[in-house]
Amino acid sequence: KKNWFLMRRREPMFQMAVEMHERNRWILHRNVRHAVDCYFKRQYITAEELTPGKAVEVVARGKFGEGFEYSDGGGNFAPTDDDFDDEGSQFSAAPATHPSRL
């Protein structure tokens, strides 16, 4: 069986990215390169949830084909099929790292 993995082909065009979830709720990724790399490696990262007058750190994890899902900082996510390899072993989650701490 072949092992394969996903990776970025090029450097990102932008340094930061903002996801608009609702009119008054956005998610800020301060380092797109780090966010994309962690998404492909199935690692947890921190991002910022922005609402008018408020910024809260959240934990994100990538769901292949669906983008990121977010937790309130505790990193408690229900296991999904993406958490397991072809043999049924669970991937280990690396601690969430904020891009500013790289």
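Every number here is computed from the coordinates shown, using simple stated rules; none is lab data. These numbers were taken from a predicted model, which means no experiment stands behind them. Positions of Cβ are generated from backbone atoms using ideal geometry, with glycine treated the same way; all protein chains shown enter the neighbour counts.
Scan region 1-64 for trypsin sites (Lys or Arg not before Pro) in coil per DSSP, keeping those whose Cβ has at most 10 other Cβ atoms within 10 Å, and list them by number.
Answer in residue order: Lys1, Lys2, Arg9, Arg10, Arg23.
What distance in nm separates the simple spin-label points at Val18 and Lys41, each placed 7 Å from Cα in the Cβ direction?
It works out to 2.8 nm between the two label points.
Round to the nearest 0.05 the FRET efficiency obtained for Glu11 and Glu66 when R0 = 25 Å and r is the Cβ-Cβ distance.
Efficiency at R0 = 25 Å is approximately 0.55.
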